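Before I ask anything, here is the structure I am working with.
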Amino acid sequence: MVSCGRDAAFEQEAEATETASLKSDRYIVVGFSQLGAESDWRSANTESMKETFTTENGYKLILEDGQQKQVNQIAAIRSFIQQDVDYIVLAPVTETGWDTVLQEAKDAGIPVIIVDRMVEVSDEDLFTCWVGSDFELEGRKAAEWLNQYASQKNIAAEEIHIVNIQGTIGSSAQIGRSRGLLKAVNKYGWELMAEVTGDFTQAKGREVMESLLKKYDNINVVYCENDNEACGAIEAIEAAGKKVGSNITDGDIMVISFDGVKQQAMDYVIEDKIACIAECNPLHGPRVKAAIELLEKGKTPDKLSYVDEELFSANETVKAITVDGITYLVTILSK
C-alpha cells in the first residue's frame with residue numbers, strides 16, 4: 001500500500017515536472033476535458049483537437065475523457081488547475097453544475113474555453129468564450145425541411161406522426177434540437193407522439209425505436225437527434241419489416257437526423273434511408289486555436305462563436321428553406 005502511494009505521488013510529481021518543462025520550452029499547454037466518445041461526431045471533435053494542438057504547432061495537449069460523467073470532468077479540470085495549464089477547454093456533458101469548478105479555474109487565472117455544448121452558470125465571466133453550433137437553429141432548419149417537403153407533396157399536417165429520439169437529456173444539443181422540433185410542431189400542427197432519449201448512441205437508438213414501433217402503429221417520421229441514433233433506428237425499422245424512406249404517403253417511415261459526420265449516415269442519405277441531415281460541424285480545433293491566439297495577443301475573442309452548417313439530402317423536392325428570414329440552401333447528395 002505504501003509503495004502504491006509512493007508510485008502515485010511520483011507520477012504526479014513527474015507530470016507536474018513535465019508540464020513545467022513544457023512551459024519553459026514555451027509550449028502553450030492546453031487541458032481538454034472531452035465529455036466522452038459516445039458518437040462518431042464526438043470522435044471527430046476529439047481528433048480535430050488532437051490534430052490542432054500539436055507540438056509542431058507550439059502546443060502541448062493534455063486530453064481527458066470524461067466517459068459521459070460530469071464528476072470525471074470536474075476532476076479533470078481540477079487536475080488541469082493543479083498542473084497550471086495555460087488554457088482549459090471544456091466540452092460539457094450537461095449545461096449545469098459547473099459554477100464551483102469554473103470559479104476555481106478563474107481564481108487560478110486560467111482562461112476556460114467552452115466547446116460544443118453550452119454551460120449555464122451564474123456568472124458568464126466564469127468562462128472566456130464558447131465555440132459551437134446553434135442547436136435550436138439546427139432543429140428549426142430540419143423541421144422546416146420537413147414542412148417544405150410536406151407542402152410540396154401535399155401532405156396534410158394531421159397526416160404527420162412524429163417520434164423524437166432525443167440526445168442525452170440536459171445537453172445543449174438535446175435541448176436545442178428538441179426545442180426546434182417542438183416549435184415546428186406547435187406552428188404546423190403535426191402530432192408529436194413521443195420523446196424518448198437515445199443517449200446519442202446507435203445501440204440505444206435501436207432499442208428505443210424497437211419499443212416505439214411496438215407502442216405506435218402509425219409512426220411515419222422519426223426525428224433522431226444525431227446520426228448514431230438514426231442508424232440504430234433504421235436497423236430497428238427494417239428488422240420490424242417496415243420500409244425506411246421519404247414516401248410517407250405510401251407507408252415509408254421517414255428518418256431525419258443531425259451531424260453529417262458518420263459515413264454510414266451519409267450513405268443512408270444517398271439511399272433515401274435518411275431524408276435529411278442538419279449538419280453539426282465537429283471541427284472546433286482551429287476555432288479554439290484562433291481564440292487562444294487572440295488571447296495570447298492580449299485581445300478578446302467573441303464571447304459566442306457559432307459555426308456555419310449545411311443541410312444534406314438526396315431528395316430534390318426541397319432545394320432551400322427559410323428560417324427567420326434567412327434562406328439556407330440544401331446540399332443535394334448523389335452517388
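Would it be correct to say that residue 308 is within 22 Å of the chain's Cα centre (by Cα), closer than 16 Å to residue 225 by Cα and not small (Gly, Ala, Ser)?
For residue 308, the condition - within 22 Å of the chain's Cα centre (by Cα), closer than 16 Å to residue 225 by Cα and not small (Gly, Ala, Ser) - is not met.
Among the residues of segment 294-308, how many are part of a loop (DSSP other than H, G, I, E, B), touching a strand residue (DSSP E or B) at 6+ places or on another chain (Cβ under 9 Å) and at pLDDT 95 or above?
4
If you go through segment 283-313 one residue at a time, how many are free of Cβ contacts under 8 Å to residues at least 60 places away in the same chain and in contact with a Ser or Thr (Cβ under 6 Å, 6 or more places away or on another chain)?
Residues meeting the conditions: 2.
Same structure, new question: What number of residues in segment 255-293 are of a type in the set (Val, Ile, Thr) and either touching a helix residue (DSSP H, G or I) at 6+ places or on another chain (Cβ under 8 Å) or assigned to a loop (DSSP other than H, G, I, E, B) (or both)? Talk me through it step by step, then tell me what you get.
Taking segment 255-293 and keeping what is of a type in the set (Val, Ile, Thr), we get 255-256, 261, 269-270, 274, 277, 288, 292.
Among the residues that remain, those that are also either touching a helix residue (DSSP H, G or I) at 6+ places or on another chain (Cβ under 8 Å) or assigned to a loop (DSSP other than H, G, I, E, B) (or both) are: 255-256, 261, 274, 277, 288.
Residues that pass the stated criteria total 6.
Turning to a different aspect of this structure: Restricting segment 102-135 to residues that are part of a helix (DSSP H, G or I) and surrounded by 18 or more Cβ atoms within 10 Å (Cβ to Cβ), which is nearest to the chain's Cα centre (by Cα)?
135
Is it true that some residue in segment 225-235 is outside any strand (DSSP E or B), among the charged types (D, E, K, R) and surrounded by fewer than 22 Cβ atoms within 10 Å (Cβ to Cβ)?
Yes; the residues of segment 225-235 include at least one that is outside any strand (DSSP E or B), among the charged types (D, E, K, R) and surrounded by fewer than 22 Cβ atoms within 10 Å (Cβ to Cβ).
I'm checking my understanding of the structure. Among residues of segment 136-155 that are assigned to a helix (DSSP H, G or I) and of a type in the set (A, V, I, L, M), which one is nearest to residue 107 (Cα to Cα)? Spell out how you get there, then give the answer.
At the first step, the residues of segment 136-155 found to be assigned to a helix (DSSP H, G or I) are 136-152.
So of that shortlist, the ones also of a type in the set (A, V, I, L, M) come out as 137, 142-143, 146, 150.
Numbers: 137: 35, 142: 42, 143: 43, 146: 48, 150: 54 Å.
Looking at residues that are assigned to a helix (DSSP H, G or I) and of a type in the set (A, V, I, L, M), I get 137.
Right, next: Of all residues in segment 156-173, how many are farther than 24 Å from residue 215 by Cα and of a type in the set (A, V, I, L, M)?
1
What pairs come out if I take residues in segment 181-204 that are under 11 Å from residue 223 (Cα atoms) and not assigned by TED's automatic domain parsing to the domain that holds residue 94 and pair them with residues that are among the small types (Gly, Ala, Ser) and surrounded by fewer than 20 Cβ atoms within 10 Å (Cβ to Cβ) whose C-beta lies under 8 Å away, six or more apart or interchain?
Once the first residue is under 11 Å from residue 223 (Cα atoms) and not assigned by TED's automatic domain parsing to the domain that holds residue 94 and sits in segment 181-204, its partners that are among the small types (Gly, Ala, Ser) and surrounded by fewer than 20 Cβ atoms within 10 Å (Cβ to Cβ) give 196/211.
Let me ask something else. Hey, any hits in segment 199-208 for a residue that's more than 22 Å from the chain's Cα centre (by Cα) and of a type in the set (A, V, I, L, M, F, W, C)?
Within segment 199-208 (the criterion being more than 22 Å from the chain's Cα centre (by Cα) and of a type in the set (A, V, I, L, M, F, W, C)), the answer is no, since none of the residues qualifies.
The values are calculated or read from the model by the stated rules, or taken from the named source; none is laboratory data. Since this is a predicted model, take the numbers as computed values, not measurements. Counting neighbours? That spans all protein chains shown, and the Cβs are built from the backbone with ideal geometry, glycine included.
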